[in-house]
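Please read the structure below before turning to the comments.
Every number here is computed from the coordinates shown, using simple stated rules; none is lab data. What you are looking at is a predicted structure, and each value in this text was computed from that prediction instead of being measured. Backbone-built Cβ (ideal geometry, glycine too); neighbour counts: all protein chains shown.
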Amino acid sequence: MSKKQKIKSRKPEWASGTKSKGFNSTVVDGVLQTKKKSILKKTTSNKLSINDFVKGVLNDNRTVLAQAITLIESNSSKHIEKAQEVLGKILHKTGKSIRIGITGAPGVGKSTFIESFGTYLCNKGHKVAVLAIDPSSSRSRGSILGDKTRMEKLSREPNAFIRPSPSGGTLGGVAHKTRESIMLCEAAGFDIIIVETIGVGQSEITVRSMVDFYMLLILPGGGDELQGLKKGAVELADAIAINKADGDNLKTANFTKEQYKQAVHYLLPATEGWETKVFTCSGLNEQGIKEFWNLIIDFEKDTKKSGVFEARRKEQTLDWVYAMVEESLKNQFYGNTKVEKKRIEIDKKLLEGKITPTNAVNELMKMYFE
């Protein structure tokens, strides 16, 4: 019998040993696997020591960096204390980046623009961190921004790091935590930090208070709304970019650019000694990206030469400290058990018209300081 015939006549493992109309089977041994040590050890922020965090961040270990940011975002008193010790040990490696804030209304194309801009910078040898302040729904706590899923191309870049920071509906807490996240990214060697926020309300001021350069993205045709525009959004900007300036939008985009150029002449510049620039771009077609980067280089050069760059950084640090003092006092006040009980009584009096708001404040403060 040939070798081929022997193989053909051999009974398979699952075949019945006796003639039967039924179907028999036996358990076949699986493939034996040798036990190997996993290259990536599963670790959590609870298991990492302070030195583990410091070493991991300084060595640009992305897993540890992400866990360090998670530690910072925690409201647990134990985590807060640990996070501050980590920050204290990496402080000497911070402050060496250019911090860029980008805002704009939903649908303006922020994520597409940031992805094109970030990829361009990575190709030039820069390390780019994108921190998205996400003003989550105050009802569901669900995220509004989905940047990590939308910036697929940038997220694959080895020199890029993307991290959304949900606020849970409050910007006060996330503001100082985003600042601390900036510090961690700088210590990890990222020289370009992009802070993105959805262009709604207080978030614009929040971002302005933590970046060097601030840009407002708008859609073509936005110039038609200049009369009713919230002036504050434009006053904060070092640059205004009319995005989606491509195809049929090109003519409208150029017209909008001219309208905004005229408008900014009537406003005080957001940065002393710097004239707010207005330009067109297309994040989708990667147009205007190089020009935008050259604009930032000029801004950094001019403001560092005049001393405005360093002065703003110092002012932001002081503002950050006293904003945290206010936040801490507010949390202590509302967390006070005596005040919490007294509030029930005060609220009832207020609603029944038995006490004025000023007297209500005086009673609550008296109870707090007793």
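For the peptides 98-111, 71-84, what is the packing order when you average, over each peptide's residues, the other Cβ atoms within 10 Å and list the highest mean first?
98-111, 71-84
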Most to least packed among 313-325, 237-249 [average Cβ atoms within 10 Å]
237-249, 313-325
Under 5 Å from the placed amide H of T280, counting only residues 5+ away or on other chains, we find I242
Net charge contributed by nearby residues that have their C-beta within less than 12 Å of V308 (K/R +1, D/E -1)
-1
I need the Debye-formula profile for the range 321-369: one equal scatterer per C-alpha, no solvent, reported as log10 I(q)/I(0) at q = 0.18, 0.27 1/Å, two decimals.
-0.59, -0.97
Mean shadow area of the range 43-92, taken as a quarter of the surface of its Cα convex hull (nm²)
3.0
Apply the Karplus parameterisation 6.51 cos²θ - 1.76 cosθ + 1.60, with θ equal to phi minus 60°, to every residue of the range 331-337 and state each ³J(HN,Hα) to the nearest whole Hz, in sequence, with x for glycine and proline.
5, 5, 5, 6, x, 6, 5
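Filter the cross-link list K127/K153; K55/K89; K261/K304; K55/K93; K96/K124; K96/K290 down to pairs whose alpha-carbon distance in this structure exceeds 20 Å.
The answer is K261/K304; K96/K290.
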